[in-house]
1. Please specify each residue of segment 98-116 satisfying the condition of being open to solvent by 10 Å² or more (accessible area, probe 1.4 Å) and within 26 Å of residue 208 (Cβ to Cβ).
2. If a residue has to be part of a loop (DSSP other than H, G, I, E, B) and open to solvent by less than 50 Å² (accessible area, probe 1.4 Å) to count, how many in segment 307-318 make the cut?
3. Could you list all residues from segment 24-41 that are under 14 Å from residue 65 (Cβ atoms) and open to solvent by 20 Å² or more (accessible area, probe 1.4 Å)?
4. Look through segment 193-211, keep the residues that are more than 16 Å from residue 269 (Cβ to Cβ) and without any contact (Cβ under 8 Å) to a residue 60 or more places away in the chain, and return whichever of them is least open to solvent (accessible area, probe 1.4 Å).
5. Sort out which residues of segment 125-165 are charged (D, E, K, R), farther than 19 Å from residue 218 by Cβ and not in a strand (DSSP E or B), and write them in order of number.
6. Among the residues that make up segment 350-367, is at least one of them open to solvent by 40 Å² or more (accessible area, probe 1.4 Å), acidic (Asp, Glu) and at pLDDT 95 or above?
7. Any residue in segment 333-345 that is open to solvent by less than 60 Å² (accessible area, probe 1.4 Å), small (Gly, Ala, Ser) and within 21 Å of residue 212 (Cβ to Cβ)?
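The values are calculated or read from the model by the stated rules, or taken from the named source; none is laboratory data. Worth saying up front: this structure is predicted, and the values here are computed from it rather than measured. Cβ placement follows ideal geometry from the backbone for every residue including glycine, while neighbour counts extend to all protein chains displayed. Accessible surface areas use protein heavy atoms only, side chains included; no ligands, DNA or RNA. Shrake-Rupley method; radii C 1.70, N 1.55, O 1.52, S 1.80 Å.
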Amino acid sequence: QGYYVQRMFYAVKGVKMEEENKQTYFVCGGGLQGLAMAAHLALNGEKVTLWNRTPEHIDEIMRTGRIYCSGVVNGIARIEKASANIEEVVTNYILVTVPSTAYHDVVRELAPYVNRNTVIILNPGRTFGAIEFSEELKKNGVKEMPQIAETQTIVYTCRRSDKNCVTVFAMKKDVEIAALDRMYLNNILKKMPVCLQKYFVAQKSVAYTSFANVGMILHCAPVLMNIGWIENEKVDFKYYYDGISKSVAKYIEKMDAERINVAKELGYKIESVSEWLSRTYNVEGTDLYECIKNNIAYREIDAPPSLDSRYIYEDVPNGLVPIEYIGKQLNVETKYITNIIDLANGVYDADFRKTGRQFPVQTIKQYF
């Protein structure tokens, strides 16, 4: 009897030690994407911590440790800790989910805690996000560069309904992921939560994930072409189903062709948005308009409630601007993309080219 009691004791002790040694994943950003990722991991048995710059946005999660998730990911997720103090929650496996326009601020927060053993995945990096993140770390005095990867897009098609509530409409499949230093990608994927691994497909260069940024194509033009409806408080409409008409879709296809041509001039073949929709969501259509209409996951996606949207503030400077800038250097015409940047500058009384990512071709090639 004593023998079996002793075996049970060591078995329980072993489970506790294994639990204590289990990797804790740090979700850096408490917006809709961060909540979806934190909930998804926690509901699959992973240890998760969460951080957000603005404590008011996650105060309910800080108080209760819970995220309410509905949709294809469903349940009450319990996380280890949520905080606005990064020191309390940072770990050596970091899943960045903040808008790419926040990288400057996030890097300043993370810089004291990263080293060569730290994994950082930008979800997503947008265009040349991993390059910008690396350059910012250097500016902030980081000597041992972490293992940085970026994804083509966020895995979750989601919306946030409250401070601690998120709905996941769909999980995208075969999301491209690449490491800034390709020798680290296997290690990054090996240490990734098992529940996430199946949604990613490895790419050999961040050139592919950067040029494959579909957000800049699907977001910017439709917002600017639906300004009247977005600003009309009496009207609610579905962003993809109502906002992208046949004419809007045709314009988007012209922008998409320019993106593909710029990548081709640098030696990279990337898929169109229509091809991406077919691969990611298993939809069919003869053109972009039909692919969007046939995508069930888009049916409940509302339009932005105001013009104060990451669809412009993020996707113009960190998507369209770098494509246009590289295009100019390579003598590739991007007149349709240029039109949207000019329109955004005029409507928002801004200079998105000045604040956007403008890397010389030679700098880009060093990383590719």
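1. In the first step, residues of segment 98-116 are kept if they are open to solvent by 10 Å² or more (accessible area, probe 1.4 Å); the result is 98-99, 101, 104-105, 108-109, 111-116.
Result: 98, 99, 101, 104, 114, 116.
2. Taking segment 307-318 first, the residues part of a loop (DSSP other than H, G, I, E, B) are 307-309, 314-315.
After this cut, where a residue has to be open to solvent by less than 50 Å² (accessible area, probe 1.4 Å) as well, the list is 307, 309, 314-315.
Counting residues in segment 307-318 that are part of a loop (DSSP other than H, G, I, E, B) and open to solvent by less than 50 Å² (accessible area, probe 1.4 Å) gives 4.
3. Hit for segment 24-41 is 24, nothing else.
4. So in segment 193-211, the residues more than 16 Å from residue 269 (Cβ to Cβ) come out as 193-200, 202.
This time we only want the ones that are without any contact (Cβ under 8 Å) to a residue 60 or more places away in the chain, so: 197-200, 202.
Working: 197: 67, 198: 142, 199: 40, 200: 24, 202: 59 Å².
Residue satisfying both the conditions and the ranking: 200.
5. Listed by number, the residues that qualify are 132, 135, 136, 138, 139, 143, 144, 163.
6. Yes: one or more hits.
7. No - not one qualifying residue is present in segment 333-345.
Okay, residues lined up against (1) buried (at least 23 other Cβ atoms within 10 Å of the Cβ); (2) over 17 Å from residue 314 (Cα atoms); (3) among the polar types (S, T, N, Q):
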{"residue": "52", "(1), (2), (3)": "yes, yes, yes"}
{"residue": "57", "(1), (2), (3)": "no, yes, no"}
{"residue": "60", "(1), (2), (3)": "no, yes, no"}
{"residue": "68", "(1), (2), (3)": "no, yes, no"}
{"residue": "93", "(1), (2), (3)": "no, yes, no"}
{"residue": "119", "(1), (2), (3)": "yes, yes, no"}
{"residue": "126", "(1), (2), (3)": "yes, no, no"}
{"residue": "130", "(1), (2), (3)": "yes, no, no"}
